[in-house]
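As structure tokens, the structure follows; a few thoughts come after it.
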Amino acid sequence: MKTITLIGSTGSIGKQTLDVCRKHNITVKALAAYGNTALLESQAREFSSECVCIYRDDRYIEMRERLADTGIKVLCGMEGLCEIASDKSADLFVNSVVGMVGLLPTLTAIENGIDVALANKETLVAGGHIVMSEAKKRGVKIYPIDSEHSAIFQCLQGNDPKQVNKIILTASGGPFFGMRKSELEDVTVEQALNHPNWSMGNKITIDSATLMNKGLEFIEAKWLFGVSPRNIEIVVNRESVIHSAVEFKDFSVIAQMGVPDMKIPIQYALLYPQREECDVKPLSFTDYGTLTFFKPDFETFDCLSGCVEAINRGGAYPCIVNAVNEEAVTLFLNREIPFLRIGELVRKSLDSLPEMPSETYEDIKRAEMAARNFVYNEMNF
Ligand code: MN
């Protein structure tokens, strides 16, 4: 019987992780959420968890009151997330928070020798080199939950990573596929939140509309699988049926397919290497009839080209574009900037911010601050 700890439990991935835990009787020792006290309370009661963390300090008292009649320990803030991440009695630490706030908890779990299931892509974008080298040093496994990376991980099973020619990272193209910049000037928040294939949280849905999500995943793939960016090809598969593929030395291509449903990659990460029944629709090729493929549009989608440039430059630039994007998406969702401004800010940060070191967690935090200040200054001119 498996035991996990889970941070980001009230988000889209978190809730689906708990569906998988329910189905397969996985014990959930600890849970953490950003601010949704009511849902965190009901999750903790249902799973008889030992501990919860509410990230927002101002909701700590309320959270304690909600659970006062139970023996459940209540934590808050980053300290609380890291306390959960360091619980060595868990077989697996599942990180499904949004944003690079997930980096320190991930590093904490690794430091304690606990395997990590990672849905939090910003963690690898901001500090991928640190995460992967620490994990290697301590023999900790990182299981990807992101559907594309789970697909690549599945395609690599039983194969020698040294015999890989390239990774084919698929993209849906998002809701604005085929459009030019001139057509995207007046995009509303509602239009950007309307994704054709996947139902996800707000931040990642906006990232999918700008193709920042694919840029982040490009960087994520580099770190997870140790491949050069030159050997990662992005291909649009409009139907999101091929979740990604790997081409080997003999030009044999192995792809992983399924209906677009996050339960498959979540369950694979939680039960690895077991495959059990999953509560999703089976894939029917004949229902789809056709699968369509296109090249990505680097001209229109500045966030995508910005991420590729960031990883090619290296250093702290991936962390910088990620932090700029986190700020810009919040501004867009608050209707303070237009849609195309997100990509403009990402591109401009590459030209405006100097090279910065990225060796340590403190370096990463400094680069993050510089990036957030850059957006702040741009908004005040
Ligand atoms: Mn993905």
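Straightening the chain between Met78 and Arg22 buys 17.4 nm, computed as 0.36 nm per residue apart minus the Cα-Cα spacing.
Using a simple charge model, +1 on the beta-carbon of Lys and Arg, -1 on the beta-carbon of Asp and Glu, nothing else, what dipole does the stretch 87-160 show about its Cα centre, in debye to the nearest 20?
Working: 6 positive and 9 negative charges, 36 e Å.
So the magnitude is around 180 debye.
What a 1.4 Å probe finds exposed on the stretch 6-54 is 48% carbon and sulfur by accessible area, rounded to a whole percent. Largest first and in whole Å, the equivalent-ellipsoid semi-axes of the stretch 1-50 read 16, 11, 9, each the square root of five times a Cα gyration tensor eigenvalue. Cα centroid separation, the stretch 116-185 to the stretch 265-316: 8 Å.
GNM remark for the chain: springs join alpha carbons under 10 Å apart, and the peak mean-square fluctuation among Gly158, Gly226, Gly178 falls on Gly158.
State in Å² the accessible area per residue of the chain; use a 1.4 Å probe, count heavy atoms of protein chains only, and round to the nearest integer. Walk me through the intermediate numbers first.
Numbers: 16560 Å² over 381 residues.
For the chain, the solvent-accessible area averages 43 Å² per residue.
For the stretch 237-321, carbon and sulfur atoms together expose 54% of the accessible surface, with a 1.4 angstrom probe and every protein chain in place.
Considering only Lys141, Lys29, Lys162, the mean-square fluctuation computed in a Gaussian network model of the chain, springs between alpha carbons under 10 angstrom, is largest for Lys162.
Can you work out D for the chain in µm² s⁻¹ from Stokes-Einstein, where Rh is the Kirkwood radius over C-alpha pairs, the temperature is 25 °C and the viscosity is 0.890 mPa s?
On the way: Rh = 21.2 Å.
Taking Rh from Cα pairs, D becomes 116 µm²/s.
In the elastic network of the chain, a GNM with C-alpha springs shorter than 10 Å, the most mobile of Gln43, Gln191, Gln274 is Gln274.
The values are calculated or read from the model by the stated rules, or taken from the named source; none is laboratory data. Model, not experiment: these values are computed from the prediction. Don't worry about glycine lacking a Cβ; one is built from the backbone with ideal geometry, like all the others, and counts go over all protein chains shown. These accessible areas exclude ligands, DNA and RNA; they are computed on the full protein's heavy atoms, side chains included. Shrake-Rupley method; radii C 1.70, N 1.55, O 1.52, S 1.80 Å.
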